[in-house]
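Working notes, structure below.
The values are calculated or read from the model by the stated rules, or taken from the named source; none is laboratory data. Note that the structure is a prediction, hence the values are computed from the model and not measured. Note that we place each Cβ from the backbone using ideal geometry, even for glycine, and neighbour counts take in every protein chain shown. Only protein heavy atoms, including side chains, enter the accessible area calculation; ligands, DNA and RNA are left aside. Shrake-Rupley method; radii C 1.70, N 1.55, O 1.52, S 1.80 Å.
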Amino acid sequence: MIQAKHISKTYGTTNVLKDVSFSLAPTEIVSIIGPSGAGKTTLLHILGTLEHADVQSQTELIINGKAVNRLSDKALSAFRNESLGFVFQFHQLLPEFTAMENICMPAFIRGTSKREAEKKAMELLDFFELTNRAKHKPSELSGGEQQRISVARALINKPSLLLADEPSGNLDSVSADKLHDMFFRLRDTFSISMILVTHNKSLATRADRMLNLVDGQWN
Ligand code: ADP
């Protein structure tokens, strides 16, 4: 699913990631923990092709058999839209659109018809127990509901990998537990792999593997 080798990242004179390697098997769920400033978000962004690693001859980043560090920006955008789903700490839903419209957005960007996108979105709303919230705008939803909508949005294009950065960092414990249960159910339903950056101990320890990043290196 992912083979990453010799990933380094430097901002100015700060060496944020120090020759990190990482691999992920199909349908595997890996959690990444570690102190603030350790480089977790930077690593997640590089694995999700949102940022580039430092250019080094030994660096390798293969996702779904594709050497993504060698793709053009245009090819990379298409790859990201088709293969990867992202969830952030703050849901980043568009406030003027309904839950249904927000979920459909990545499908529209990809050129899926309205009818097909809405059919998929209804299936996702059903999975996330939010069918009766389809026409609500984000401000009319609870924090837990907003975050489940943002996960549904990440899944609309049927990615093979979901990357989440502190997905429950902004939720109360009941909403967080419900979201965590759904991550594990959706792995079974959608055969998806996941990388979860989290400070939530209960989520981190439920993953198949838990990795600890300290000062830009695995500990
Ligand atoms: P974590 O997610 O583990 O808290 P980050 O990956 O967000 O860590 O950040 C690691 C370090 O890299 C921090 O010291 C942060 O200030 C620095 N950093 C992150 N992004 C940038 C950037 N775009 N420019 C400069 N420094 C950055």
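Which ones in the stretch 57-87 are surrounded by 19 or more Cβ atoms within 10 Å (Cβ to Cβ), touching a residue at least 24 places away in the same chain (Cβ under 8 Å) and either touching a Pro at 6+ places or on another chain (Cβ under 6 Å) or of a type in the set (A, V, I, L, M) (or both)?
Hits for the stretch 57-87 are LEU61, ILE63, LEU84, GLY85, VAL87.
Restricting the stretch 22-56 to residues that are free of Cβ contacts under 8 Å to residues at least 60 places away in the same chain and small (Gly, Ala, Ser), which is most open to solvent (accessible area, probe 1.4 Å)?
Residue satisfying both the conditions and the ranking: SER36.
Report the residue count in the stretch 88-111 for those that are open to solvent by 30 Å² or more (accessible area, probe 1.4 Å) and part of a loop (DSSP other than H, G, I, E, B).
Residues that pass the stated criteria total 10.
Out of all the residues in the stretch 190-203, which are buried (at least 21 other Cβ atoms within 10 Å of the Cβ) and either within 13 Å of the ligand (Cβ to nearest atom) or farther than 27 Å from GLU123 by Cα (or both)?
Within the stretch 190-203, ILE195, LEU196, VAL197, THR198, ASN200 qualify.
So which of LYS9, LYS18, LYS74 ends up being touching a Leu at 6+ places or on another chain (Cβ under 8 Å) and of a type in the set (Lys, Arg)? Outline the logic, then answer.
Numbers: LYS18 fails: touching a Leu at 6+ places or on another chain (Cβ under 8 Å); LYS74 fails: touching a Leu at 6+ places or on another chain (Cβ under 8 Å).
Residue meeting the stated conditions: LYS9.
Is it the case, given these coordinates, that THR27 is of a type outside the set (A, V, I, L, M) and out of contact with any Leu (no Cβ under 9 Å at 6 or more places or on another chain)?
Details: of a type outside the set (A, V, I, L, M): yes; out of contact with any Leu (no Cβ under 9 Å at 6 or more places or on another chain): yes.
The answer is yes for THR27.
How do the pairs read when you match residues in the stretch 174-200 that are in contact (Cβ under 8 Å) with a residue 40 or more places away in the chain with residues anywhere that are surrounded by fewer than 17 Cβ atoms within 10 Å (Cβ to Cβ) and among the β-branched types (Val, Ile, Thr), using Cβ under 8 Å and keeping only pairs 6 or more apart or on different chains?
Sorted first by the residue in the stretch 174-200, then by its partner, the pairs are ARG187/THR27; SER191/THR27; ILE192/THR27; SER193/THR27.
Can you tell me which residue among VAL151, VAL174 is open to solvent by 80 Å² or more (accessible area, probe 1.4 Å), closer than 28 Å to ALA204 by Cα and assigned to a helix (DSSP H, G or I)? Break it down into steps so the answer makes sense when it comes.
Numbers: VAL151 fails: open to solvent by 80 Å² or more (accessible area, probe 1.4 Å).
Testing whether each residue is open to solvent by 80 Å² or more (accessible area, probe 1.4 Å), closer than 28 Å to ALA204 by Cα and assigned to a helix (DSSP H, G or I) leaves just VAL174.
What number of residues within the stretch 116-136 satisfy the criterion of being open to solvent by 80 Å² or more (accessible area, probe 1.4 Å) and part of a loop (DSSP other than H, G, I, E, B)?
2
Can you pull out every residue in the stretch 1-21 that is open to solvent by 10 Å² or more (accessible area, probe 1.4 Å) and hydrophobic (A, V, I, L, M, F, W, C)?
MET1, VAL16
Output the number of the condition that LEU186 fails; it satisfies all remaining conditions of (1) part of a helix (DSSP H, G or I); (2) under 14 Å from the mean Cα position of the chain (by Cα); (3) modelled with pLDDT of 95 or more.
Going through the list (1) part of a helix (DSSP H, G or I); (2) under 14 Å from the mean Cα position of the chain (by Cα); (3) modelled with pLDDT of 95 or more, LEU186 breaks only (3).
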